[in-house]
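The values are calculated or read from the model by the stated rules, or taken from the named source; none is laboratory data. All figures in this text were calculated on a predicted structure; none of them were measured in a lab. No Cβ is skipped: glycine too gets one built from the backbone with ideal geometry, and neighbour counts run over all protein chains shown. Calculation scope for accessible area: heavy atoms of the full protein, side chains included, ligands and nucleic acids excluded. Shrake-Rupley method; radii C 1.70, N 1.55, O 1.52, S 1.80 Å.
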Amino acid sequence: MPTWDKLAALRSKVGYPMTALHLQRKASVKLDANGKFVINLDSEFSGNNGKMVADGAMWLAYATFEVNARQRNLQDKVADQPFAIEVASWRSALQVIDEVVANGGQDIQDPALLNIRMLAKANQLETGLMLLQYRESWRAEFEAWKKANPNGIRKFVNTYALRP
């Protein structure tokens, strides 16, 4: 984060400010003591207040895909590939929202989710997730991506001006 802060400060001084994504996970998946996966959805999506229904549906779709992928890996005794699961979970959630909107349903409201969807439509979802939501478990994929795209970080920052 300190490097992102320095980059943002430098870019702001020359008139090219960066926008922080501010993506806060509203759903999580945990393996309980009985060996079952449990989805925890943020409390703001409970009840019938009608606020951000589409956002809650997107987070639920995201977590559901993650549970299904991890359950499949557990049954097949295959190691999880965290980055692949992350990307596939986002793609699944975005597809659900696109279908909801196409059928006349409410669209997502969270600016961070809208940015994620914009990156996906620009075929930059993997790059965006890798740079903006980096986790140490993704190190191998990140190093391979940097090797394949030596100017990828610069291009992404210059094109989208997003930061974590």
Worksheet item: Roughly what would the spin-label model give for HIS22 and TRP4, points 7 Å off Cα along C-beta, in nm?
Response: 1.3 nm
Practice prompt. Let me have the 222 nm mean residue ellipticity of the chain computed from DSSP H runs of 4+ only, each contributing -39500 (n - 2.57), with the sum over all residues rounded to the nearest 500.
Written response: -18500 deg cm²/dmol
Worksheet item: Given 0.36 nm per residue, what is the gain on full extension from SER12 to PHE37 after removing their alpha carbon distance, in nm?
Response: 4.6 nm
Practice prompt. State the extension gain, in nm to one decimal, for the chain segment bounded by ALA161 and ALA79, taking 0.36 nm per residue of separation less the distance between their alpha-carbons.
Written response: 26.1 nm
Fill in: Charge dipole magnitude, Cβ of K and R +1, D and E -1 - the chain, Cα centre, debye nearest 20
620 debye
Discussion item. Taking R0 as 41 Å, what FRET efficiency do you get between ALA140 and ASN103 from their Cβ-Cβ distance, rounded to the nearest 0.05?
Written reply: 0.55
Worksheet entry | Of LYS77/LYS155; LYS121/LYS155; LYS36/LYS146; LYS6/LYS146; LYS36/LYS121; LYS6/LYS147, those spanning more than 28 Å from alpha-carbon to alpha-carbon | LYS77/LYS155; LYS36/LYS146; LYS36/LYS121
Response to the item:
Which of GLU126, GLU66, GLU141 fluctuates most in a GNM of the chain (C-alpha springs under 10 Å)? That residue is GLU141
Worksheet item: So for segment 1-97, what percent of the C-alpha to C-alpha distances run longer than 16 Å?
Response: 66 percent
Worksheet entry | Cleavage-rule hits (trypsin sites (Lys or Arg not before Pro)) in segment 101-164: DSSP loop, at most 12 neighbouring Cβ within 10 angstrom | ARG135
Worksheet item: Across every pair of different alpha-carbon atoms, what Kirkwood hydrodynamic radius in Å does segment 60-115 reach?
Response: 12.3 Å
Worksheet item: Counting only heavy atoms of protein chains, what accessible area per residue, in Å², does segment 50-164 have with a probe of 1.4 Å?
Response: 53 Å²
